[in-house]
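Trainee: Before anything else, here's the structure in question.
The values are calculated or read from the model by the stated rules, or taken from the named source; none is laboratory data. Everything numeric here is computed off the predicted structure, so don't read it as measured data. Cβ sites come from the backbone with ideal geometry, for glycine too, and all protein chains shown count toward neighbours. Ligands, DNA and RNA are stripped out before the accessible areas are found, and what is left, the full protein with its side chains, is counted by its heavy atoms. Shrake-Rupley method; radii C 1.70, N 1.55, O 1.52, S 1.80 Å.
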Amino acid sequence: MGIAAKANRAVFLDRDGVINRKAPEGKYITAWEEVEFLPGVGDALRDLKQSGFLLIIVTNQSAVSRDELSVDALESIHRKMLLHLAGQGAAVDAIYYCPHDRNANCQCRKPMPNMLVQAAEEHGIDLSQSWMVGDAATDIQAGRAAGCRTISLSPPGSDGMLSPAPDFKAHSLQEAARWILSFSSGQQ
């Protein structure tokens, strides 16, 4: 009889609007110098990591297919992002990205759940014990389709209405992390 491996639980995170400030409408983050981390991100990720969650960024990056960002430049941004967060004690385990435009009808672009499913297969993640945190309806749809609980981030003062509705709503990643940790410890 074999020994069953313990399934990991993860927090999947959209990148722009969750980890770092989004570029203005119609623009893209195309250089490391344009990355502005949102307040409290390092603390929130460190708290989740210390509680045993894998941290996985899943992000649509159509600037690549629009020739506004090369794959090399995107991967350089991601390497620097990983180093920056690790320096804050918030080591991210992996970043998955879809380089395709929304009209490409690919299987990896959110709202399809394939980036989450691929990460689950590669990291032994139990999706039913995991969370998707995002700021767009496509993030919530991908999380739901993968079987995760979902949290929508919306700034204070916005109506934050998404369809489908997320399991929880938060105004920051720190607030989302508190929900996750509270829920996971049986306090909810």
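Trainee: Scanning for something surrounded by 18 or more Cβ atoms within 10 Å (Cβ to Cβ), in contact with an Asp or Glu (Cβ under 8 Å, 6 or more places away or on another chain), touching a residue at least 60 places away in the same chain (Cβ under 8 Å) and not in a loop (DSSP other than H, G, I, E, B), does segment 78-96 turn up at least one residue?
Mentor: Checked segment 78-96: no residue is surrounded by 18 or more Cβ atoms within 10 Å (Cβ to Cβ), in contact with an Asp or Glu (Cβ under 8 Å, 6 or more places away or on another chain), touching a residue at least 60 places away in the same chain (Cβ under 8 Å) and not in a loop (DSSP other than H, G, I, E, B).
Trainee: Could I ask something else about it? Just to check your reading of the model, which residue among GLU25, GLU33, GLU75 is assigned to a loop (DSSP other than H, G, I, E, B) and either out of contact with any helix residue (DSSP H, G or I) (no Cβ under 7 Å at 6 or more places or on another chain) or at pLDDT 95 or above (or both)?
Mentor: Values: GLU33 fails: assigned to a loop (DSSP other than H, G, I, E, B); GLU75 fails: assigned to a loop (DSSP other than H, G, I, E, B).
After applying the criteria, what remains is GLU25.
Trainee: For segment 40-59, give me each residue that is open to solvent by less than 30 Å² (accessible area, probe 1.4 Å) and assigned to a loop (DSSP other than H, G, I, E, B).
Mentor: Correct list: GLY40, PHE53.
Trainee: Just to check your reading of the model, which residue among ALA119, ALA142 is touching a residue at least 40 places away in the same chain (Cβ under 8 Å), out of contact with any Leu (no Cβ under 7 Å at 6 or more places or on another chain) and either in a helix (DSSP H, G or I) or not aliphatic (A, V, I, L, M) (or both)? Show your work before the answer.
Mentor: Values: ALA142 fails: out of contact with any Leu (no Cβ under 7 Å at 6 or more places or on another chain).
Criteria check complete, one pass: ALA119.
Trainee: Let me ask something else. VAL71 - would you say it is open to solvent by 40 Å² or more (accessible area, probe 1.4 Å), closer than 18 Å to TRP32 by Cα and of a type in the set (Val, Ile, Thr)?
Mentor: Working: open to solvent by 40 Å² or more (accessible area, probe 1.4 Å): yes; closer than 18 Å to TRP32 by Cα: yes; of a type in the set (Val, Ile, Thr): yes.
Spelling it out, VAL71 is indeed open to solvent by 40 Å² or more (accessible area, probe 1.4 Å), closer than 18 Å to TRP32 by Cα and of a type in the set (Val, Ile, Thr).
Trainee: Now for a different question. Can you report the number of residues in segment 100-119 which are in contact with a helix residue (DSSP H, G or I) (Cβ under 8 Å, 6 or more places away or on another chain) and surrounded by fewer than 20 Cβ atoms within 10 Å (Cβ to Cβ)?
Mentor: Initially, segment 100-119 is screened for residues in contact with a helix residue (DSSP H, G or I) (Cβ under 8 Å, 6 or more places away or on another chain), giving 107-113, 115-117.
Keeping just the survivors that are surrounded by fewer than 20 Cβ atoms within 10 Å (Cβ to Cβ) gives 107-108, 111-112, 117.
Total meeting the criteria: 5.
Trainee: May I pose another question? Just give me the residues in segment 23-39 being free of Cβ contacts under 8 Å to residues at least 12 places away in the same chain and open to solvent by 30 Å² or more (accessible area, probe 1.4 Å), in sequence order.
Mentor: Taking segment 23-39 and keeping what is free of Cβ contacts under 8 Å to residues at least 12 places away in the same chain, we get 23-27, 33-34.
Answer for segment 23-39, where residues must be free of Cβ contacts under 8 Å to residues at least 12 places away in the same chain and open to solvent by 30 Å² or more (accessible area, probe 1.4 Å): PRO24, GLU25, GLY26, LYS27, GLU33, GLU34.
Trainee: When you scan segment 1-21, how many residues do you find that are at pLDDT 95 or above and either open to solvent by 90 Å² or more (accessible area, probe 1.4 Å) or in contact with a His (Cβ under 8 Å, 6 or more places away or on another chain) (or both)? It would help to see each step written out before you state the result.
Mentor: Going residue by residue through segment 1-21, those that are at pLDDT 95 or above are 9-21.
With either open to solvent by 90 Å² or more (accessible area, probe 1.4 Å) or in contact with a His (Cβ under 8 Å, 6 or more places away or on another chain) (or both) added as a condition, the list becomes 10, 21.
Summing the residues that are at pLDDT 95 or above and either open to solvent by 90 Å² or more (accessible area, probe 1.4 Å) or in contact with a His (Cβ under 8 Å, 6 or more places away or on another chain) (or both) in segment 1-21 gives 2.
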